[in-house]
Amino acid sequence: MSTQTGPSETRSWDVELYDAFRAHVQEESDLLDSYLRLGASLESPDVAYLVDLIVEDEQRHHRLFEQLAETLRADIELGERADAVPDVPVRRADAAALREATAALLRFEREDARRLKLLRRSLKPVAQTTLWPLLVETMELDTRKHILILEHLQRIAEGMPLR
């Protein structure tokens, strides 16, 4: 990403975006603290288990926003990109291998989505007494996220416009 070559509005946009990333980092940090307090304050294993799942996601979100902010800061200052989010190259030497791999992984993830949906439906008899249906549903959501990422990788490999 080259943020230094545009008109002055671009730099202003960069700074505003950086501020938004940093604000989100702070918000995520506050939210994470709230979840940690909630998890520590309860003696209910089922609630603590679910809160721990949320904490894992929030920690990842926090890390991603930190990386986004650091990448943009380095670009604005023309500095070193330490723990940076990489740019997408215009041309790829590995496009054919990436196309092949993403096609295979997409087939697997789509089949997995179908199987998870069936599995979740089969868990209805224990929906009132276990966390299993909810956990399988969260895995369905993760699978949808994997498909979204793989479809993005596929567009990269094909040289198609990105979102």
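Could you list, in sequence order, all residues of the range 110-163 that are part of a loop (DSSP other than H, G, I, E, B) and modelled with pLDDT of 95 or more?
123, 127, 128, 129, 130, 131
Return yes when residue 25 is in a helix (DSSP H, G or I), touching a Leu at 6+ places or on another chain (Cβ under 7 Å), more than 23 Å from residue 146 (Cβ to Cβ) and not basic (Lys, Arg) and no when it is not.
no
Considering every residue within the range 52-73, establish whether at least one is more than 23 Å from residue 142 (Cα to Cα), over 21 Å from the mean Cα position of the chain (by Cα) and modelled with pLDDT under 90. Let's see the steps before the verdict.
Here is the first cut: in the range 52-73, the ones more than 23 Å from residue 142 (Cα to Cα) are 69-73.
Adding the requirement that they be over 21 Å from the mean Cα position of the chain (by Cα) leaves none.
Looking for residues that are more than 23 Å from residue 142 (Cα to Cα), over 21 Å from the mean Cα position of the chain (by Cα) and modelled with pLDDT under 90, one finds none in the range 52-73, hence no.
Determine the pairs where a residue that is not assigned by TED's automatic domain parsing to the domain that holds residue 47 and surrounded by fewer than 16 Cβ atoms within 10 Å (Cβ to Cβ), located within the range 120-147, has a partner that is of a type outside the set (Lys, Arg) and assigned to a loop (DSSP other than H, G, I, E, B) with Cβ atoms under 6 Å apart, the partner being 6 or more residues away or on another chain.
132/123
Restricting to the range 69-93, name every residue that is in contact (Cβ under 8 Å) with a residue 60 or more places away in the chain and either part of a helix (DSSP H, G or I) or under 21 Å from residue 146 (Cβ atoms) (or both).
71, 72, 75, 76, 88, 92
The values are calculated or read from the model by the stated rules, or taken from the named source; none is laboratory data. Quantities reported herein were computed from a predicted structural model and do not represent experimental measurements. FYI the Cβ positions are ideal-geometry reconstructions off the backbone, even for glycines, and counts take in every protein chain you see.
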